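Just below is one structure, and these are the notes that go with it.
Only the coordinates and a few stated rules stand behind these numbers; no lab work does. Note that the coordinates shown come from a computational prediction; the quantities given were computed from them, not determined experimentally. Positions of Cβ are generated from backbone atoms using ideal geometry, with glycine treated the same way; all protein chains shown enter the neighbour counts.
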Amino acid sequence: MTAPLLEMKNVAAFYKDFQALFDITLIVPPGEIVALIGANGAGKTTILRVISGLLRPRQGNLRFEGEDISKTPPHRTVEHGISHVPEARQLFPHMSVEENLTLGAYIARCRPKLKELMEQEFELFPRLKERRKQMAGTLSGGEQQMVAIARALMSQPKLLLLDEPSLGLAPKVTEEVLTRVQQVAKSGVTVLLVEQNVVDGLSISNRGYVVENGAITLEGSSKELLANEQVRAAYLGL
């Protein structure tokens, strides 16, 4: 079996005195899309925050490419090869698309390749090329999401953390964004996807974890989870 790219083992995390994660154990194999599904407030975003170094785990182990990154600060996490697209995108609205993307390539190994990296992203997201000089805050929701993903890819990550990429988007735009996510995975970037829409999340992923009240309650291939009666009853209304 191939060694996991990312492994979390018995991780607990807190916001001050509030325990947000309980004994989280999961693996993300290289080259796959892995989905974290569950209701709002279940702890999915917190898992991504722990991985990217924004929140330190209180206990447990977090390994990336076999190296312990439990205490790695966020800027070092990016250098290791992990990029995080947060919920609500968090772009710089008064800066152009081009300027937002440039900020994504700030680490030392990417700065010399800025032009080449930007062209790669414009190839993946042709609409952004047309809007490269436009202020990010004036774009549609779908275009802003594309900028957020493209900016994260500018650091040439091995693992892309995607938090609710379809949030607030129309179904047709969601479909386009998720198609691009599949293209990202096919290009060799592993993806850990948080998605509240269970069908969307599982339909493009290889495997998934169901997160409830800060704990993982189910795991399996995406096909297995879509067919699971518990998942169907809780999230699909079937």
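A simple charge model with +1 on the Cβ of Lys and Arg, -1 on the Cβ of Asp and Glu and nothing else charged puts the dipole of the chain at about 580 debye relative to its Cα centre. Taking every DSSP helix (H) stretch of at least 4 residues in the chain, weighting each as -39,500 (n - 2.57) and dividing the sum by the residue count yields a mean residue ellipticity at 222 nm of -10000 deg cm²/dmol.
Each of Ala234, Leu159, Leu178 was placed along the dipole of the chain (beta-carbon charges, centred on the mean Cα), and the one lying farthest toward the positive end is Leu159. Oblate is the label for region 144-207. Its Cα gyration tensor axes, ordered a ≥ b ≥ c, give a/c of at least 1.5 and b/c at or above a/b. What the Cα convex hull of region 17-100 gives, in volume per residue, is 147 Å³. Here each label is just a point 7 Å from Cα along the line to Cβ, and for Lys223 and Lys129 those points are 3.7 nm apart. When the chain is described by a simple charge dipole with +1 on each Lys and Arg Cβ and -1 on each Asp and Glu Cβ, the residue from Val147, Ser222, Leu6 located farthest towards its positive end is Val147. Length gained on full extension, Leu167 to Arg58: 36.3 nm, using 0.36 nm per residue less the C-alpha separation.
Under 25 Å of direct C-alpha separation, and excluding same-chain neighbours fewer than eight residues apart, Lys9 reaches these lysines: Lys44, Lys71, Lys158, Lys223. Computed extension length for Lys9-Arg111: 33.3 nm, one decimal, from 0.36 nm per residue of separation with the Cα-Cα distance subtracted. With r as the distance between the Cβ atoms of Asp17 and Gln120 and R0 = 30 Å, compute the FRET efficiency 1/(1 + (r/R0)^6) and round to 0.05. Plugging the Cβ-Cβ distance into 1/(1 + (r/R0)^6) gives 0.10. Think of each Lys and Arg Cβ as +1 and each Asp and Glu Cβ as -1; about the Cα centre, that makes the dipole of region 47-165 roughly 280 debye. The convex hull drawn around the Cα atoms of region 102-238, when projected onto a plane and averaged over every direction, covers 9.4 nm². Peptides 93-104, 108-119 ranked from most to least packed give 93-104, 108-119, packing being the mean of other C-beta atoms within 10 angstrom over each peptide's residues. A straight line joining the Cα centroids of region 174-238 and region 44-93 runs 20 Å. Taking every Cα-Cα distance in region 92-156 and sorting them into 10 Å bins starting at zero, the pair-distance distribution P(r) comes out as 25, 59, 16, 0 percent.
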